[in-house]
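Single-structure report; data block below.
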């Protein structure tokens, strides 16, 4: 039977981090857990890419052979960036900060073929994940990756391109139906001139900017892009929109519009201070109510990261890690579109569920997995980015069970202890009949088969 | 969403021990007439598939990748690409319909977006996370996962519904073995009466998957094709589908994809290769169905997420365009051959083929006329206009 604090600690880490690390499982004091999860190590940017300046003439003046080599190099770097970020998530102890950065990647969904730009974008998310929303939003939409992804390079005074303004409002701040087409047009005018230089640094091009008067969300003025942000944030709907996203990723797959409204009011009142909001959530009582425990289906990254961390997984090739992300339907740095990942039950269909249930055995017990991800048909696309798809029927992953064995082997009654560590649900016990059939062996063999069995159950998909 | 009842095969079809008509000589449930969707992934170049050889613009804009008239399989004002002899024969038999200039307003040139738009049947400005086939399943009473089957390891958006998903299965035998080593059926069984709503949802999905895998495996054994299929992955998938159809599976929709259509570079050899794969596979598939008197009961829909630009690019290829072509095949077409006129290359949309017909009308027509379902509920926010190819 789990103690009340223990329940809180587990839930806290399941939501605000990627699960409670096995190494911290003795942690039973909520106060200490809170301190640990709020730890923020000095910010250190991910630095994987080597290409610096990206010359406009780069592609045009190259021979076909040189172009191919350049693109190959870029694809390799994007792969490295993906793998580096996942490894960071598995190894970090700035738990909440990095988990939030991962969340923001889904919210500010973006893909770009220039590794440097994507790297900068990821570091903006990581650096400002707990900053106030305005700071983060401004940083993200001024990033080269986002400006290019949403075509703002093509947005000029003489020929406005509305895509950037539209997605900013529809998907990043207000949601559909909370602004008019006119607002999109006027905002687009305000964002003219926003661009970036060859190094991916933000640049404002006066020549392309429309300095004229605009009417936006009921206000009139010679607005520029920063003004647009300011006015958007004045709308309470923006807080509601963001809190709805927070709710889905941190509280429950099921919406509760009253609770979200309350959260939004507090968020708005504080000036969109994300870290205050999260502190108040974590320190509340309602966050730990039974109905929220295990109420979310883990996203693919939330499935993969804890396994990597707790078993010190070593993939013998990056391709394997990328292929798994692909099969499960979530590849860091490659959201399907600007709306990000739908999440929740959308992760689940007949084949993805079976693959998820087998994942632990595939990664930790070298079980055969005969599934192949789809060919997306794009000659320049994803398959090129991930290198070849891993086609052999068994992943070659090295896992380390030493720590796990030391922890659990020798306990008089390991089953409830192990179950409590592996499964997010409280007061849950594995089915005895299944156990008698599938938990085999004694000692370390028994621990291994127990853990693999628990991780093969649908309950393991929940957090 | 309204749940609307419509014609369903009888209770006999729902049991795991479904026996096809040629084994039981008793009163039959209404014949199952499935749809087979073939997705050409990458953006099929309609203009080289069906060449408007009388239009000088074609040869002017495609100096090196245009196909000579003498190589074409001519039918009226257009000529089939030489690799498409099977389709040409189907056309001749009256078993093929061609709808040119298919697209939708404000088209997207990104593979991902465009394919999502086609699969979800949404407008280009909406992001819907369900597919038209999934929503069709949602509307059916007592629908099961295997009512929509995709010949692949992973499930496309097209087959994902709000309440129900189709089943992705490349190899019925392997799926069955995968699931019923006993382990997963045991696990599925242990989840009955789970009180946690998310857990019970997962257990239910697993049970349904096990049940469907079981059904498909048993059904696929009833008929094993003697037809000679080409040795390609695509043809293997068509063979699996054919065996299920002929075995009498209660599946309503089958889905298969073929990629390789994104011909930015060196289009001629690449397109020839991929069209050959398509054509030979389809020919074997049609022949198999015909030998088993099933061709009249099947409707085949062939589409791609966009067509390609009319003018060739600097790499002897073509870039992403707008409107494309849709092909329909089967033994029960009401309107055959060219349903509308081939593209007029003097009337382009900024260098692209102009769309005349919204693809959603094709889905709506199939849903209404082939399946007697209600397209207005399944395809949201669109004024469906029925066509008359069936």
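The values are calculated or read from the model by the stated rules, or taken from the named source; none is laboratory data. Keep in mind the model is a prediction, meaning the values are calculated, not measured. As a convention, Cβ positions derive from the backbone with ideal geometry for all residues, glycine included, and neighbour counts pool all protein chains shown.
Tallying residues that are outside any helix (DSSP H, G or I), touching a helix residue (DSSP H, G or I) at 6+ places or on another chain (Cβ under 8 Å) and within 19 Å of residue A:338 (Cα to Cα) within region A:148-193 yields 11. Going through (1) farther than 30 Å from residue B:349 by Cβ; (2) free of Cβ contacts under 8 Å to residues at least 24 places away in the same chain one by one, residue B:314 falls short only on (1).
In summary, strands (runs of 3 or more DSSP E) completely within region B:1-105 and bearing 2 or more residues that are more than 14 Å from every other protein chain (Cβ to nearest Cβ), modelled with pLDDT of 95 or more and buried (at least 16 other Cβ atoms within 10 Å of the Cβ) occur at B:35-41, B:78-80, B:96-103.
Conditions (1) under 22 Å from residue B:390 (Cβ atoms); (2) within 14 Å of chain A (Cβ to nearest Cβ), marked per residue:
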residue	(1), (2)
B:239	no, no
B:243	no, no
B:256	yes, yes
B:261	no, yes
B:277	no, yes
B:297	yes, no
B:301	yes, no
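Among the criteria (1) more than 9 Å from chain A (Cβ to nearest Cβ); (2) under 16 Å from the mean Cα position of the chain (by Cα); (3) surrounded by fewer than 23 Cβ atoms within 10 Å (Cβ to Cβ), the one residue B:149 does not fulfil is (3). The listed residues are B:342, B:390, B:300, and the only one of them that is part of a strand (DSSP E or B) and touching a residue at least 24 places away in the same chain (Cβ under 8 Å) turns out to be B:300. Among the residues of region A:355-365, none qualifies, meaning not one is crowded, with 21+ Cβ neighbours inside 10 Å, in contact with a helix residue (DSSP H, G or I) (Cβ under 7 Å, 6 or more places away or on another chain), at the interface with another protein chain (Cβ under 10 Å from one of its Cβ atoms) and at pLDDT below 90. Of A:113, A:73, all but one fail to be part of a helix (DSSP H, G or I) and more than 30 Å from residue A:283 (Cβ to Cβ); the exception is A:73.
Of all residues in region B:186-212, those that are facing another protein chain (nearest Cβ under 7 Å) have Cβ atoms under 6 Å from Cβ atoms of residues that are modelled with pLDDT under 90, 6 or more apart or on another chain, in B:203/B:191; B:203/B:194; B:209/A:350.
Only a single criterion out of (1) buried (at least 17 other Cβ atoms within 10 Å of the Cβ); (2) away from chain A (no Cβ under 11 Å); (3) in contact with a helix residue (DSSP H, G or I) (Cβ under 8 Å, 6 or more places away or on another chain); (4) more than 29 Å from residue B:372 (Cα to Cα) is not satisfied by residue B:173, namely (1). Scanning region A:1-37 for residues that are assigned to a loop (DSSP other than H, G, I, E, B) and either without any contact (Cβ under 8 Å) to a residue 40 or more places away in the chain or under 17 Å from residue A:296 (Cβ atoms) (or both) yields A:3, A:17, A:18, A:19, A:20, A:26, A:27, A:28, A:29. Selection within region A:326-354: residues that are at pLDDT 90 or above, assigned to a loop (DSSP other than H, G, I, E, B) and farther than 19 Å from residue A:175 by Cα. The member of this set that is farthest from the other protein chains (Cβ to nearest Cβ) is A:332.
Yes/no per residue for (1) in a loop (DSSP other than H, G, I, E, B); (2) crowded, with 21+ Cβ neighbours inside 10 Å; (3) under 20 Å from the mean Cα position of the chain (by Cα):
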{"position": "B:315", "(1), (2), (3)": "yes, no, no"}
{"position": "B:318", "(1), (2), (3)": "yes, yes, no"}
{"position": "B:325", "(1), (2), (3)": "no, yes, yes"}
{"position": "B:328", "(1), (2), (3)": "no, yes, yes"}
{"position": "B:384", "(1), (2), (3)": "yes, no, yes"}
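Does residue A:263 count as in a helix (DSSP H, G or I), touching a helix residue (DSSP H, G or I) at 6+ places or on another chain (Cβ under 6 Å), modelled with pLDDT of 95 or more and under 30 Å from residue A:403 (Cα atoms)? It is false that residue A:263 is in a helix (DSSP H, G or I), touching a helix residue (DSSP H, G or I) at 6+ places or on another chain (Cβ under 6 Å), modelled with pLDDT of 95 or more and under 30 Å from residue A:403 (Cα atoms).
Results for (1) under 24 Å from residue A:273 (Cβ atoms); (2) touching a residue at least 60 places away in the same chain (Cβ under 8 Å); (3) surrounded by fewer than 19 Cβ atoms within 10 Å (Cβ to Cβ), shown as yes or no for each residue.
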residue	(1), (2), (3)
A:153	no, no, yes
A:180	no, no, yes
A:185	no, no, yes
A:213	no, no, yes
A:218	no, no, yes
A:221	no, no, yes
A:224	no, no, no
A:236	yes, no, yes
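Under 6 Å between Cβ atoms, at least 6 apart or on separate chains: pull out the pairs that start in region A:53-75 with a residue that is under 23 Å from residue A:120 (Cβ atoms) and end on any residue that is at pLDDT below 75. Sorted first by the residue in region A:53-75, then by its partner, the pairs are A:75/A:384; A:75/A:385. When B:166, B:131 are checked against the criterion of being more than 9 Å from every other protein chain (Cβ to nearest Cβ), in contact with a strand residue (DSSP E or B) (Cβ under 7 Å, 6 or more places away or on another chain) and surrounded by 24 or more Cβ atoms within 10 Å (Cβ to Cβ), a single residue qualifies: B:131. Consider residue A:456 carefully, then state whether it is buried (at least 17 other Cβ atoms within 10 Å of the Cβ) and within 10 Å of chain B (Cβ to nearest Cβ). Yes: the conditions hold for residue A:456. Entry remark, region A:414-439: residues being loosely packed, with under 13 Cβ neighbours inside 10 Å and either modelled with pLDDT under 90 or assigned to a helix (DSSP H, G or I) (or both) number 4 in total. Residues in region B:228-237 that are more than 14 Å from chain A (Cβ to nearest Cβ) and surrounded by 19 or more Cβ atoms within 10 Å (Cβ to Cβ): B:229, B:235. Inside region A:312-346, residues that are surrounded by fewer than 22 Cβ atoms within 10 Å (Cβ to Cβ) and in contact with a strand residue (DSSP E or B) (Cβ under 9 Å, 6 or more places away or on another chain) make up a count of 10.
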